[in-house]
Amino acid sequence: MNEVSETRAAREEKLQGIGCRRKRIEDIRFTQGKGNYVDDLKLPGMLFGDFHRSPYAHARIRRIDTTKARALAGVVAVLTATDLKPLKLDWMPTLAGDVQAVLAGEKVLFQGQEIAFVVATDRYIAADAADLVEVEYEELPPLVDPFRSMAPDAPILREDIADKTEGAHGKRRHPNHIFTWEVGDREATDQAFRVAEVSVKQLISYQRVHPSPLETCQAVASFDKIKGELTVWGTFQAPHVVRTVGAILSGIPEHKIHIIAPDIGGGFGNKVGVYPGYVCAIVASIVTGKPVKWVEDRIENLTATAFARDYHMTAEIAATREGKVTGLRVHVLADHGAFDACADPSKWPAGFFNIVTGSYDFPVAHVTVDGVYTNKAPGGVAYRCSFRVTEAAYCIERAMDILAHKLGVDPAEIRVRNFIRREQFPYHSALGWEYDSGDYHTAMKKALEAVGYQALRTEQGAKQEKFRRGETRELMGIGVSFFTEIVGAGPSKNCDILGIAMFDSAEIRVHPTGAIIARMGTKSQGQGHETTYAQIIASELGIPADNVMVEEGNTDTAPYGLGTYGSRSTPTAAAATAAACRKIRAKAQMIAAHLLEVHHDDVEFDIDSFRVKGMPERVKTMKEVAWAAYNAVPPGLEPGLEAVSYYDPPNMTYPFGAYICVMDIDVDTGVAKVRRFYALDDCGTRINPMIIEGQVHGGLTEAFAIAMGQEIAYDEMGNLKGPSFMDFFLPTAVETPHWETDHTVTPSPHHPIGAKGVGESPNVGGVPAFSNAVNDAFAFLGATHIQMPHDPWRVWKAAEALGLQK
Amino acid sequence: MAKTAISLTVNGEKVEALVEPRTLLIHFLREQLSLTGAHIGCETSHCGACTVDMDGQSVKSCTVFAVQADGADLRTIEGLAAPDGTLHALQNAFREWHGLQCGFCTPGMIMRAWRLLQENPHPSEAEIRFGIAGNLCRCTGYQNIVHAISAAAATIAGASKEAAE
């Protein structure tokens, strides 16, 4: 055999398996403009839908008149709540156990809320007709400030549930209160604070932002009246769940609903939920009998679909004088907008915020989260992070810096003193998690050495002296962040979406020639799944990755899965992929043994072949075995070579990392320039280092955007300020810093290949690194905490507040 | 709405069409000519996903009317590879350097880079960053895009040097 006589290294290289910087399969079509995105789809007779939206944040609807809109040539239908009501689709359930109006009938609760859906023969006419819908309003006082939501005189927003004292997550104390979520030991934590030698307390706000993938949310719905079948092509990060929920809501049997997520132009959490546009496109297709396309524009996307964060966190740390932490107490006021459409596993109203003890060995901790309604768009999605993990990481990483500053201890040193030690893993946190693995001290040491941390602090000290002497107007900030993520939801005992356990799946078929088709329940939005899943299969089965085709996103062909978000694809579907491969390999071993005429215990797998133990010249390649699977299986064995795996992870994974940001700030302009950004990530086994680095670059850029400028801001009337890319900060290549990446490898002990997931780490760890750098620059002048975003104007204002402006 | 006749060249081919005066060039390309490579990301000319080349300039086709392209010579991502299917150096370099992830900004980004390299065949990193500042990418953080453009510039320079020799 030629293939076997090659060197082992050559055979491994040919596979392009785990660890290989394999070039992406997806890029071949994307670089030629041959991607297949929703808006590229053109069906015969297709109509276009567009919304009429509310200009007010809070108003009663007196009358909706669609006469003029309907009269416009080319308009086929105009839907309002009145049309949806008989179908019981004027309201829809949210992932968080609340309901959301699909089209507002009696009241509008946020600016941009959907009121009427106009369907026309082309998108220009639909837009014209949307403007012709006439609505008479009675303005109501808007509630914009979440700190006022539960005031006795606050306007009641949700009249539909005003008298309900019990919500999906327990008692409600006020008509604008959604839930209180509590975790940890209140009594023991209070006691830790009573006896604490030192404590700090700070309100740390994480402003409302938006994931804004470059492709907005969109769908094409096509209902076949004859067959009673509905097909929806859409921007769905979780297509299977959309189908199940669609079946429950519409009454169309699940097998007659076909959900197809084609190429997706970025998701970042924006495309997990179900939005009124999808529902209206489906209803419009049923009503008109024609395919209906809905494509939101950018202003609609920023205004109405899926904000993120808006967490107002009061963090307290108790510690000894030596800087050893003894307790953590956090209260969060969570602004959920007009409907609780938070995209979390159903039993977790504040996501996994209880990862807020971070990388530190807190003996006790206690967290409460209060969710409240305001007259703002619904959402609360996990924008490039696992559920509420970036909020938690920001909270603890800022609070640790504040503690360090109070004690006069270096920020890196305070972290090192409190890290969970390597020998403590698996580590049970005070807030209930079991951290699977970690080696924080090694990672931190590597990071500090890589940037020359001590020299940077010395330089900073000298600069501070110069600043005090009036010789410079530039400040230097060093931001240290050490984050621990919790990703890969999740064990079905903990996590479900509307009752569906959060496992994931892979179905792999090896064809006679050794070519493989693999399908997963996840859905890439740019992460490169077609490339990386194939690498896992290559390593597990010994078939070159180039011979593997990976498919996702079609609910008819892909096995049931919960989709891609919360960095869950690698912890769940990649694990399922390895598990399915191992089932295939076990059968292949039986076939190989049969071909080699030995007992199956006497053969072993080696890179790409089975060989008889102790007789390396007696070999059958996996390719040969694949052929034999279709014509020469041993007696009693079924032909064929395929397997499916539904993988319910035993635990989540806990990627971690050390990020260091060096920043120079011009006090007179407020402009902060990132001089250096070093990111060390430990995501366990590295499947494709090129893709990991790309994920880190992208996540850091989003973190930079959030920390240094992004904000979905409202005025006191609930008007959204600047809902376009003119105002909402997306950095260009000019502002974006250069990224340095590095890594350590601490494999997950429970994952079949030891991988942990990485896509969201840079966002989670990046935001505190930037914010800590800004705060660090001003700390020696007496600043304790400067709120994000750190755009030049706010930085200038912070300097002014410290008396630094002349 | 009354339609206007336009005549233009798209990727080297003569095109004659009737368009409404208000039809945007991006919609004309995507919906009438089925050239779906260029995308719409913002409709306000910030993101550059719709970038195509018109008469030797990069334009954001979401803010150009189709009627303004009457008589123009247009090139889109679909017209970048050689007629025999050989990919352009930029297309290869974007893949080689992992200069794309979701692929949505890519056609616009590559077309902008294509024009940039004609304006400045040997750009520095800073010049590349400035040169693509009208094109937003949400996935890559630009670093690998900059590498890719730089690498493509070197490849093109190498090829033309070879041709000259």
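What residues have an amide H closer than 5 Å to that of residue A:208, excluding those fewer than 5 places away on the same chain, when H is modeled at 1.01 Å from N in the peptide plane?
For residue A:208, the qualifying residues are A:310, A:712.
Counting other C-beta atoms within 10 Å, which of A:91, A:739, A:294 has the fewest, and how do the rest follow?
Values: A:91 18, A:739 24, A:294 30.
Listed from fewest to most nearby Cβ atoms, that is A:91, A:739, A:294.
Would you pull out the residues with amide H under 5 Å of residue A:785's amide H, same chain only if 5 or more places away, H placed 1.01 Å from N?
Under 5 Å from the amide H of residue A:785: no residue qualifies.
Among B:91, B:133, B:64, which residue has its Cα positioned farthest towards the positive end of the charge dipole of the stretch B:16-165, with +1 placed on the Cβ of Lys and Arg, -1 on the Cβ of Asp and Glu, and the dipole taken about the Cα centre?
B:133
From the phi angles alone, apply the Karplus equation (6.51, -1.76, 1.60; θ = phi - 60°) to the stretch A:62-76 and give each ³J(HN,Hα) in whole Hz, x where the residue is Gly or Pro.
Values, residue by residue: 7, 7, 10, 10, 9, 4, 5, 5, 5, 6, 5, 4, x, 7, 9 Hz.
Please state, as a whole number in µm²/s, the translational diffusion coefficient that the Stokes-Einstein equation yields for the stretch B:89-164 at 37 °C and 0.692 mPa s, with Rh defined as the Kirkwood radius across alpha carbon pairs. All intermediate terms of the calculation are to be shown ahead of the outcome.
Working: Rh = 12.2 Å.
Value of D from the Cα-based Kirkwood radius: 269 µm²/s.
Taking a ≥ b ≥ c as the square roots of the Cα gyration tensor eigenvalues, with a/c under 1.5 meaning rounded and otherwise prolate when a/b beats b/c, else oblate, which class fits the protein assembly as shown?
On the way: a/c = 1.25, a/b = 1.03, b/c = 1.21.
Rounded, since a/c falls under 1.5.
Please list, or write none, the lysines whose alpha carbon is within less than 18 Å of the alpha carbon of residue A:376, excluding same-chain residues fewer than 8 places away.
Hits, sequence-local ones excluded: A:107, A:721.
Take the alpha carbon atoms of the stretch B:4-79, find their radius of gyration, then divide it by 2.2 N^0.38 Å using N residues; give the quotient. Kindly include the intermediate steps, with their values, before the conclusion.
Details: Rg = 10.9 Å, N = 76, 2.2 N^0.38 = 11.4 Å.
Normalised Rg, Cα atoms only: 0.96.
So how strong a dipole does the stretch A:595-744 carry about its Cα centre when Lys and Arg Cβ are +1 and Asp and Glu Cβ are -1, to the nearest 20 debye? Before the final figure, lay out each step's value.
On the way: 10 positive and 25 negative charges, 68 e Å.
With Lys and Arg at +1 and Asp and Glu at -1, about 320 debye.
Convert each backbone phi in the stretch A:556-565 into a coupling constant with the Karplus relation 6.51 cos²θ - 1.76 cosθ + 1.60 (shift: θ = phi - 60°), then list the ³J(HN,Hα) values in order as whole Hz, x for Gly and Pro.
6, 9, 7, x, 5, x, 9, x, 10, 5
With a length cut of 24 Å (Cα positions projected on each helix's long axis) and a Kyte-Doolittle mean of at least 0.0, go through chain B and give me the DSSP H helices that pass. Could you put the intermediate results ahead of the total?
Working: long enough: B:143-164 (32 Å, 0.62).
Correct list, ordered by number: B:143-164.
Within 10 Å of each residue's Cβ, count the other Cβ atoms and sort A:540, A:735 from fewest upward.
Values: A:540 23, A:735 18.
By the 10 Å Cβ count, ascending: A:735, A:540.
Set the bar at 25 Å for Cα to Cα. Now go through A:583/A:623; A:406/A:466; A:523/A:673; A:14/A:587 and name every pair that lies beyond it. Walk me through the numbers before you get to the answer.
Details: A:583/A:623 16 Å; A:406/A:466 23 Å; A:523/A:673 36 Å; A:14/A:587 23 Å.
The answer is A:523/A:673.
About the Cα centre, and with charges only on the beta carbon of Lys, Arg (+1) and Asp, Glu (-1), how big is the dipole of the stretch A:352-504? Nearest 20 debye, please. Spell out each step's value before the answer.
Numbers: 18 positive and 19 negative charges, 113 e Å.
Dipole of the stretch A:352-504, to the nearest 20 debye: 540 debye.
In percent, how large is the relative contact order of chain A, given Cα pairs closer than 8 Å and 6 or more residues apart? Provide the component values of the computation, followed by the final result.
Details: 2054 pairs, mean separation 124.1, N = 806.
Rounded, it is 15 percent for chain A.
Residue A:347: which lysines have alpha carbons under 20 Å from its alpha carbon, excluding same-chain residues fewer than 8 sequence positions away?
Leaving aside lysines fewer than 8 places away in the same chain, those within reach of residue A:347 are A:164, A:171, A:493.
Which whole-number percent is the relative contact order of the stretch B:89-164 (Cα, under 8 Å, 6+ apart)?
On the way: 74 pairs, mean separation 36.9, N = 76.
With pairs under 8 Å counted, the relative contact order is 49 percent.
For B:53, A:668, A:791, which order do you get if you count the other beta carbons within 10 Å of each Cβ and list the fewest first? Intermediate values should be presented prior to the final figure.
Details: B:53 23, A:668 13, A:791 18.
Taking fewest neighbouring Cβ atoms as first place, the list is A:668, A:791, B:53.
Using Cα pairs closer than 8 Å and at least 6 residues apart in sequence, work out the relative contact order for the stretch B:4-79, in percent. Can you show the working numbers first?
On the way: 147 pairs, mean separation 30.8, N = 76.
Computed value for the stretch B:4-79: 41 percent relative contact order.
Once amide H atoms are built 1.01 Å from N in the peptide plane, which residues 5 or more positions from residue A:523, or in another chain, come under 5 Å H to H?
A:564
Counting only other chains, and only Cβ atoms inside 10 Å, what mean value do you get across the residues of A:206-215? List each step's numbers first, then the result.
Details: counts 0, 0, 0, 0, 0, 1, 5, 5, 17, 9.
Neighbouring Cβ atoms belonging to other protein chains average 4 per residue here.
Over what distance in Å are the Cα centres of the stretch A:401-422 and the stretch B:54-127 separated?
The distance from the Cα centre of the stretch A:401-422 to that of the stretch B:54-127 comes to 49 Å.
Let a ≥ b ≥ c be the square roots of the eigenvalues of the Cα gyration tensor of chain B; is it rounded (a/c under 1.5), or, if not, prolate (a/b larger than b/c) or oblate?
Details: a/c = 2.20, a/b = 1.55, b/c = 1.42.
Here chain B falls in the prolate category.
Restricting the count to DSSP beta bridges whose residues both fall in chain A, what percent are antiparallel, rounded to a multiple of 5?
Values: 110 of 137 bridges.
Counting DSSP beta bridges with both partners in chain A, the antiparallel share is about 80 percent.
For residue B:3, list the lysines whose Cα falls under 27 Å from its own Cα; do not include residues on the same chain fewer than 8 positions away.
Candidates past the 8-residue exclusion: A:42, A:68, A:290, A:293, B:14, B:60.
Tell me whether the stretch B:121-165 comes out rounded, prolate or oblate; compute the Cα gyration tensor, take square roots of the eigenvalues as a ≥ b ≥ c, and use a/c under 1.5 as the rounded threshold. Could you put the intermediate results ahead of the total?
On the way: a/c = 3.48, a/b = 2.44, b/c = 1.43.
Prolate, because a/c is 1.5 or more and a/b exceeds b/c.
Where a number appears in this text, it was derived from the coordinates with a stated rule and is not lab data. Just so we're clear, the structure is a prediction, and the values are computed from it rather than from any experiment. No Cβ is skipped: glycine too gets one built from the backbone with ideal geometry, and neighbour counts run over all protein chains shown.
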